[in-house]
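No lab work stands behind these numbers, since they all come straight from the coordinates. Please read these numbers as outputs of a predicted model, since none were measured by experiment. Positions of Cβ are backbone-derived with ideal geometry, glycine not excepted, and every protein chain shown enters the neighbour counts.
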Amino acid sequence: MVITAKPRVAALLVQNSVLNMLFRMANLFDTRRYLTNFDAVHTSHIVTDCLVIGSGVAGARAAVEAANYCHVILLCKGAFTDSNTSFAQGGIAVAKGDPASFETHFEDTMRVGCGLNDPQAVRTLVEEGPSRIAELIEWGIEFDREAGELAYGLEGGHSVHRIVHAHGDETGRELTRILARRVRGTRRLRVFEHCFLIDLLTDDGRCLGAVTYHEEFGHQLIWAKQTVLATGGCGQIWRESTNPPITTGDGLAAAIRAGAILRDMEMMQFHPTTLYVAGAGRALISEAVRGEGAYLIDREGNRFMLGKHHDAELAPRDVVSRAIHEHLAATHSNCAYLDVRHIPNFATRFPGITRLCADFQIDVHRDLIPVRPSAHYLVGGVEVELNGQSSVDRLFCCGEVASNGVHGANRLASNSLLEGLVFGKIVGESAGRLADGARTVPEIAALSSHIADSLRTPLDIVDVNNSLRSLMTRNVGVVRSGERLTETAEILDFWGHYTLDKTFDSPSGWELQNKLTVAKACAASALARTESIGVHFRSDADSHGSASLYHTQIARDFAEAQRVTKPPPFVKGGSRGVN
Ligand code: SIN
């Protein structure tokens, strides 16, 4: 090849390509290790054996279990009851206990998950499920019954009725009530409410606890022999989400900063039917409503799911969400409608939804319910083994924050509460046993963080938040493309330069930094997965429906999201689904 460029131009070209290379090789998360300033000399210390962070179903169940082995602190961001779990409506999916029921629950979970699931994790979920439900009944939960027997509901993606529920559509509230009672009555288990997780403390690749913030007590260092992260998902990074305001991805972002590997972060599941009324938030209209026979119609009254899938309204969630998204675009509409007017006893079966609609002048016996898809459940998360161990020593995870392989590329409806119960127990036992160090105290390190605020100008946190949520909804929503994802990554980098370098001294600033970090992980992972599978749909993919099976992974010191080939294909009827 003849080089024709003049020496200076050639030098510039070389310089540019070196810069490009360096740029490409820079870490994806060039953020500081800790969000806040602290030092081990001037901060209050608390010690425990096992620290569980998050009071949803997984955290509460893990804490109760761990307390069988050691002293436990359960950290709650708000009050104990302020978790995503309390908002669950549909119920808890569970096999009835006979071999055929295990097999169909296993198959439905694998099919909806597009085979990206870990068959062993799914087996554990379905086979341990009935014992966890029996345990809840023993603890006093009031599940709905018909003629004395448990009443089982149906939701999308399920081939049979297998969803137990409480007070109609208030399963989450009843489950939280029972777990709260159990937690409060458990010896050696202390509950710290209104305690914000700022960061996980690490030293030499081991997790040693957490630095936290309490409005009254300020910063605290909680040292623990084992730490369990059960902080839930990150729905609040999208403008439309069923998740409560506390769901800002704090645990996910803290795990990234602590060096953990996160997996399949592009997999956000959108719930097809959330209430689309200004001022109502995006309250869930449970899938169980379609399970009881509700129709999904457009403004002309057409049941548009009929031509889209043989299960029509009860197709898996990703299919229904995409169908609504496409139909709204094609018909230039803002929302679809649920028609429940023909369902007898609707108000008795779904008292919460009936009340919610009435609050907005919607009479379910007479009116249609306007709905749209919203961000609902993070299928990806911190990569963990079956016992919940993450890639960081002494850090375990369970529930929505974890990616243990149960959900594959799409979560089967109502499998998440069951997952929290089953894996909460397993993880609590693993962490509790390891932390059971009799009279030994946890390791304490001379850790400190001193950071200078590189941005003196006040930042309009609400404005960055709104911009972030709009960007994610527009570009990392139900349908994605390489072009839009690249644009998103660039915008997030730009906002990150001045927002992530700022030093905040209260939760709203830390939450914003966490949201930006997690959004970046989602966008980068979505960019790396160029094919469509499950909840991740790329309009620019070469093919849909025959994607090869791999996971995406992301971590603090990766240059970009990477793919790792994975799991053995699911074989229907195989002993563990592995051939
Ligand atoms: C619903 O009731 O539709 C939500 C249940 C779930 O997300 O599993």
Where Lys and Arg each count +1 and Asp and Glu each count -1, what net charge lies around SER449 among other residues with Cβ under 12 Å from its Cβ?
+1
Can you tell me the relative contact order of the chain? Whole percent, Cα pairs under 8 Å, sequence separation 6 or more.
23
What's the local net charge at LEU314, with K and R +1, D and E -1, over the other residues with C-beta under 14 Å away?
-1
Label point 7 Å out from GLU560 along Cα-to-Cβ: which residues of region 457-490 have amide N under 17 Å?
481-490
Scalar couplings 3J(HN,Hα) for region 355-361 by Karplus 6.51 cos²θ - 1.76 cosθ + 1.60 (θ = phi - 60°), nearest whole Hz, x for Gly and Pro, are 5, 4, 5, 4, 4, 10, 6
Through the Karplus equation 6.51 cos²θ - 1.76 cosθ + 1.60, θ set to phi - 60°, convert the phi angles of region 110-123 into ³J(HN,Hα) values in whole Hz; use x for Gly and Pro.
5, 5, 5, x, 6, x, 7, 5, 8, x, 5, 5, 5, 4
Which residues' amide hydrogens lie under 5 Å from the amide hydrogen of SER241, considering only partners 5 or more residues apart or on another chain, with H built in the peptide plane?
ARG282, ALA375
Rounded to 5, the percent of DSSP beta bridges in the chain classed as antiparallel
65
What's the magnitude of the charge dipole for region 210-281 around its Cα centre, counting Lys and Arg as +1 and Asp and Glu as -1 at the beta-carbon? Answer in Debye, nearest 20.
180
Enumerate the residues in region 410-442 having an amide nitrogen under 11 Å from the point lying 7 Å beyond the Cα of ARG188 toward its Cβ.
432-439
Please list, by residue number, everything in region 179-223 whose backbone N is under 20 Å from a paramagnetic label point 7 Å out along Cα→Cβ of SER508.
194-198, 213-219
Nonlocal amide H pairs with THR202, under 5 Å, H built at 1.01 Å
LEU208
Magnitude of the Cβ-charge dipole (Lys and Arg +1, Asp and Glu -1) of the chain about the Cα centre, nearest 20 debye, reported as 520
Summing -39500 (n - 2.57) over every DSSP H run of at least 4 residues in the chain and dividing by its residue count gives a helix-only mean residue ellipticity at 222 nm, to the nearest 500 deg cm²/dmol, of -11000 deg cm²/dmol
Derived scalar couplings ³J(HN,Hα) [region 239-246; Karplus, 6.51 cos²θ - 1.76 cosθ + 1.60; whole Hz; x for Gly, Pro]
5, 9, 8, 7, 6, x, x, 6
Ranked THR348, THR273, THR124, criterion: other C-beta atoms within 10 Å, fewest first
THR348, THR124, THR273
Sort 487-498, 228-239, 101-112 by packing, meaning the average of other beta carbons within 10 Å per residue, with the highest value first.
228-239, 101-112, 487-498
